[in-house]
Amino acid sequence: MNIATGSSLKDLQAAESKLLLQTYERNPLLFISGEGVYLRDEQGNDYLDLLSGIGVCALGYDHPAITQAIATQSRQILHTSNLFFHRGTPELALRLTEITGMDRVFFCNSGTEAWEAALKLARAHAGLLRSEGKTIGTKFLALEHSFHGRTMGSVATTHKEKYRSPFAPVMPDVEFVPFDDVAALRAAFSSDVCAIAIEVIQGEGGINPVSPEFLAAARELCDSTGALLLLDEIQSGMGRTGKWCAYQHYGIHPDVTTLAKPLGGGVPVGAMLCTEEAGRAITPGMHGTTFGGNPLAIAVAIAVIDAMKQQKLLSHVEEVGGYFLSRLQELQHKHSAIKEVRGRGLMIGIELDSADLAKEILSGMFARRIVLNRTHETVLRFLPPFILQREHVDQAIAALDELLTLQSKPNAALAGEVVNG
Ligand SMILES: *Cc1c(COP(=O)(O)O)cnc(C)c1O
């Protein structure tokens with residue numbers, strides 16, 4: 001094993017295959033720096049990044065607001081624990097409650113922790129209602145093709161069998177309802193339910209937006225019993241769709257929402273936000289975290305939100321995202337292999353007619369130095385940094401057009417051909 005500073009990709013692959021728990025089949029790419037919407041590999045090649053580390057690096061790479069916040073905060077204090085006050089905590093909470101319309105915030109370190117907090121809050125809130133004489137149970141309704149994270153509670157509300165069954169028994173009392181099926185939701189709902197869990201736009205499940213009717217029905221059902229509406233905005237939130245939260249497109253207000261991925265612009269941070277009513281259920285000592293809301297993460301999240309406002313990135317995401325969608329729809333007219341184009345803002349998926357084709361197009365895009373990923377087998381997913389420009393969209397569309405044209409011809413070698421150096 002040959003591992004030292006400046007190791008080659010081959011050395012790293014060999015070392016990791018022996019040293020790491022094999023949770024990922026990584027793409028054979030090694031990025032060492034980045035600037036704007038470009039990633040740079042160890043050979044000095046630049047890649048157009050349309051994935052931003054799974055929707056995380058919203059301001060791209062080497063953004064001065066982020067690097068400055070990290071430098072400044074790291075010289076002051078990195079960590080004090082939640083046993084003490086920190087100046088940034090209420091500053092970020094104020095910003096988050098203003099942009100989401102929620103009342104209270106719990107800070108944590110990741111998406112799944114934010115979702116765990118949401119699940120625990122829902123159980124605790126139902127318990128509080130029972131103690132006040134209401135009839136309400138402990139069951140969660142979640143949707144087919146949902147993804148809410150990998151910890152025991154989150155994974156129990158995540159639909160994919162492969163993520164849950166090896167770890168059985170996961171948290172009990174979860175029922176999955178067919179996606180966007182209002183009648184099925186109504187049939188599954190009863191006073192046994194403590195919460196309905198929904199991603200407003202499913203991410204890992206293949207970029208599936210719920211309909212306004214479905215979200216309205218979920219809201220109405222929850223209101224009828226005091227159950228909580230939990231909207232997971234970990235992938236769709238923080239401006240990804242052109243609004244701070246995707247539910248703001250629907251005019252429907254949740255009881256609880258969760259944020260993470262882009263919140264820290266690359267630094268791990270998550271947040272669970274709730275209404276005053278839901279927040280009544282939690283008292284000191286019931287829930288907590290050592291690292292959550294750590295001063296470094298908080299300082300960076302504040303910098304991300306302020307930079308987004310200053311650079312007017314919400315309207316930019318709406319504009320460039322609309323352009324991206326319309327260019328993809330043009331491609332769909334030209335190539336029958338594209339079954340559907342879905343999404344909003346810069347959260348976009350294109351469904352292809354086979355998993356093999358999706359794999360081939362993906363490696364062809366990597367060969368053309370464009371980064372994206374594949375989810376739900378047949379869906380190519382775009383979650384680019386919010387600073388993406390039209391010229392980058394044009395570059396991606398030209399590459400996709402070329403690859404789809406090539407694949408329609410037999411014996412074409414998609415992955416091997418690299419264009420424009
Ligand atoms: C990524 C994601 C999660 C889990 O976040 P982690 O930070 O990976 O734990 C939960 N919900 C949704 C919708 C996500 O996209």
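Over 18 Å between Cα atoms, which of 243/339; 18/261; 339/359; 243/312 qualify?
243/339; 18/261
I'd like the FRET efficiency for residue 389 and residue 173, computed as 1/(1 + (r/R0)^6) with the beta carbon distance as r and R0 of 56 Å, rounded to 0.05.
0.75
In segment 222-287, which trypsin sites (Lys or Arg not before Pro) fall in coil by DSSP and have 16 or fewer other Cβ atoms within 10 Å?
The qualifying sites are 280.
Relative contact order of segment 77-310, please, whole-number percent, based on alpha carbon pairs below 8 angstrom and at least 6 residues apart.
Reported relative contact order: 29 percent.
Once a ≥ b ≥ c are taken as the square roots of the eigenvalues of the Cα gyration tensor of segment 1-42, is the result rounded (a/c under 1.5), prolate (a/b larger than b/c) or oblate (a/b not larger than b/c)?
Oblate shape, in that a/c is at least 1.5 and b/c is the bigger or equal ratio.
Where the centre of each part is set by its Cα atoms, how far does segment 234-305 sit from segment 352-384, in angstrom?
Spelled out, the Cα-based centre of one part sits 29 Å from the other.
Taking 2.2 N^0.38 Å as the expected size of a compact globular protein, what ratio does the Cα radius of gyration of segment 77-310 give against it, to two decimals?
0.96
Would you compute the Debye intensity of segment 137-257 from its alpha-carbon atoms alone, equal scatterers and no solvent, and pass along log10 I(q)/I(0) at q = 0.19 Å⁻¹ to two decimals?
Those come out to -1.00, one per q.
P(r) for the chain, please, calculated from all Cα pair distances in 10 Å bins and given in %.
5, 21, 30, 27, 14, 4, 0
Might you report the magnitude of the Cβ-based charge dipole of the chain about its Cα centre, with Lys and Arg at +1 and Asp and Glu at -1, to the nearest 20 debye?
Magnitude of the dipole: close to 600 debye.
Which whole-number percentage describes the relative contact order of segment 87-210, with Cα contacts under 8 Å and a sequence gap of 6 or more?
Averaging sequence separation for qualifying contacts and normalising by length gives 25 percent for segment 87-210.
For residue 289 and residue 18, calculate 0.36 nm times their separation in residues minus their Cα-Cα distance, and state this gained length in nm to one decimal.
Extending this stretch completely gives an extra 94.3 nm.
Restricting to bridges with both residues inside the chain, how much of the DSSP beta-bridge set is antiparallel, in percent to the nearest 5?
Within the chain, antiparallel bridges account for around 65 percent of the total.
Over all distinct alpha-carbon pairs, what is the Kirkwood Rh of segment 284-404 in angstrom?
For segment 284-404, inverting the mean 1/r across all distinct Cα pairs yields 16.2 Å.
Within 10 Å, at most 13 other Cβ atoms, and a DSSP state outside H, G, I, E, B define an exposed site. Report the longest part of the chain free of exposed chymotrypsin sites (Phe, Trp or Tyr not before Pro).
86-421
Could you state the accessible area per residue of segment 77-310 in Å², with a 1.4 Å probe and every protein chain left in place?
39
Give me the net charge of residue 132's neighbourhood, meaning all other residues with Cβ under 13 Å from the Cβ of residue 132; Lys, Arg count +1, Asp, Glu -1.
Combined, the nearby Lys, Arg, Asp and Glu give +2.
Work out how much length residue 152 to residue 98 would gain on full extension: take 0.36 nm times their residue separation and subtract the Cα-Cα distance, in nm to one decimal.
Once the chain is fully extended between residue 152 and residue 98, it gains 16.3 nm.
The values are calculated or read from the model by the stated rules, or taken from the named source; none is laboratory data. Because the structure is a prediction, the values reported are computed rather than measured. Cβ sites come from the backbone with ideal geometry, for glycine too, and all protein chains shown count toward neighbours. Heads up: the accessible areas ignore ligands, DNA and RNA and are worked out on the full protein's heavy atoms, side chains in. Shrake-Rupley method; radii C 1.70, N 1.55, O 1.52, S 1.80 Å.
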